[in-house]
Structures are given as C-alpha cells and as structure tokens.
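See below for the structure under consideration.
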Amino acid sequence: MTWLILVVMLLVVCFGFVLLYGAPYLPTLTKQVDVALDLIDLQEGQTLLELGCGDGKVLLAAAARGWNAIGYELNPIMAFIAWLRTRRYGKQVRVVCGNFWTSPWPPTDAIFVFLLDKFMPRLDTKIAQLHQPVKLVSFAFQIPTKKPAVSRDGLFLYLYD
C-alpha cells in the first residue's frame with residue numbers, strides 16, 4: 001500500500017507542479033499539429049523549438065517534415081515519453097527535461113506553444129529579447145498586445161523580426 005501512495009504522490013507532483021510554469025499536459029490534436037506546422041512553414045533543416053513538448057507529437061511531425069526539433073518539457077515522465085517516441089530521429093530531435101523559462105534557448109527559426117493565457121505576455125517579452133527573426137505559433141491562446149499575422153483553427157501565428 002505504501003508504494004501505491006508513493007506512486008500517486010509522484011504523479012501528482014510531476015503533473016501538478018507544471019501549472020506554476022506553464023500548462024498541464026493536454027495532447028494536441030493531429031489536425032492542429034498539421035495546421036500549426038503549415039503556418040510555421042519551415043524549410044528542411046530549419047529548427048522548431050517546442051515549449052512544453054508533452055509526449056513529443058509535434059516534435060515527431062516536425063522531424064517527419066525534415067526539420068530539426070527541440071522540445072522542452074518540465075514533467076520528467078512526459079519528457080521521458082517524448083524522448084522514447086522521438087529517439088529514432090537521432091540528432092534531428094532533442095528533448096530537454098527542464099524549465100524553458102530559465103534555460104537558454106538554442107537558435108531557432110520557429111516556436112510552437114500550447115500555454116495558458118496568463119503566460120502569453122511573458123512569452124512575448126522573452127521572444128522579443130531573442131533579437132532574431134522567429135515565427136511563433138500558439139495553440140488556443142493569443143498574445144494580448146500583439147495582432148497575429150494569421151489565425152486559423154484556433155492557432156495564432158506571430159512574426160518577430
């Protein structure tokens with residue numbers, strides 16, 4: 001019985017504490033993944049950064065298009081699942097178990113997020129500090145002070161120059 005309590009506590013901690021830094025794990029539907037990647041429209045060999053990669057579904061889709069993909073995931077259980085699912089792509093996909101707010105971001109051409117509304121202004125500030133052109137696609141939540149370049153099927157494309 002003690003081990004069951006420990007497992008439940010571990011799951012609550014792994015899935016609950018992420019709410020302090022981002023969104024809980026909710027899988028992105030395949031249709032939204034396809035639309036998001038179509039909006040991002042990278043060329044083969046370019047890099048997508050996913051902030052909160054969950055089970056790695058977006059990373060897999062990006063790799064299938066020939067893109068490099070890096071995913072940050074705070075929940076160690078989900079990071080491990082994403083790593084397992086994407087390891088067949090070798091160096092083309094990398095999963096980082098860590099907090100994307102405090103980690104330095106690698107050079108990237110585009111970013112995909114499925115965050116909560118309250119984090120969008122902070123994300124806007126962080127991306128603006130990159131001082132490089134980058135595309136951002138956000139699922140479900142908008143940046144309140146910025147007009148999206150394109151909006152389709154609940155996804156919002158923002159361009160940073």
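The set of residues from region 115-143 being touching a strand residue (DSSP E or B) at 6+ places or on another chain (Cβ under 6 Å) and either outside any loop (DSSP other than H, G, I, E, B) or at pLDDT below 95 (or both) comprises Ile127, Val134, Lys135, Leu136, Val137, Ser138, Phe139. Against the conditions (1) closer than 27 Å to Lys146 by Cα; (2) of a type in the set (A, V, I, L, M, F, W, C); (3) at pLDDT 95 or above, Val93 satisfies every one except (1).
On the stretch given as region 144-156, residues that are in contact (Cβ under 8 Å) with a residue 24 or more places away in the chain and either out of contact with any strand residue (DSSP E or B) (no Cβ under 8 Å at 6 or more places or on another chain) or under 22 Å from Glu73 (Cα atoms) (or both) total 5. Within the bounds of region 71-84, is there any residue that is under 20 Å from Val33 (Cα atoms) and exposed (fewer than 14 other Cβ atoms within 10 Å of the Cβ)? So far as region 71-84 goes, yes, one or more of its residues are under 20 Å from Val33 (Cα atoms) and exposed (fewer than 14 other Cβ atoms within 10 Å of the Cβ). Quick check, is Glu44 modelled with pLDDT of 95 or more, of a type outside the set (A, V, I, L, M, F, W, C) and surrounded by 23 or more Cβ atoms within 10 Å (Cβ to Cβ)? Spelling it out, it is not the case that Glu44 is modelled with pLDDT of 95 or more, of a type outside the set (A, V, I, L, M, F, W, C) and surrounded by 23 or more Cβ atoms within 10 Å (Cβ to Cβ).
Of all residues in region 117-129, those satisfying the criterion of being touching a residue at least 12 places away in the same chain (Cβ under 8 Å), under 14 Å from Phe141 (Cβ atoms) and loosely packed, with under 14 Cβ neighbours inside 10 Å are Asp117, Pro121, Arg122.
For region 144-160, enumerate the residues that are surrounded by fewer than 18 Cβ atoms within 10 Å (Cβ to Cβ), assigned to a strand (DSSP E or B) and touching a helix residue (DSSP H, G or I) at 6+ places or on another chain (Cβ under 7 Å). Across region 144-160, the qualifying residues are Val150, Arg152, Tyr160.
The values are calculated or read from the model by the stated rules, or taken from the named source; none is laboratory data. All figures in this text were calculated on a predicted structure; none of them were measured in a lab. So basically every Cβ, Gly included, is an ideal-geometry build from the backbone, and we count neighbours across all protein chains shown.
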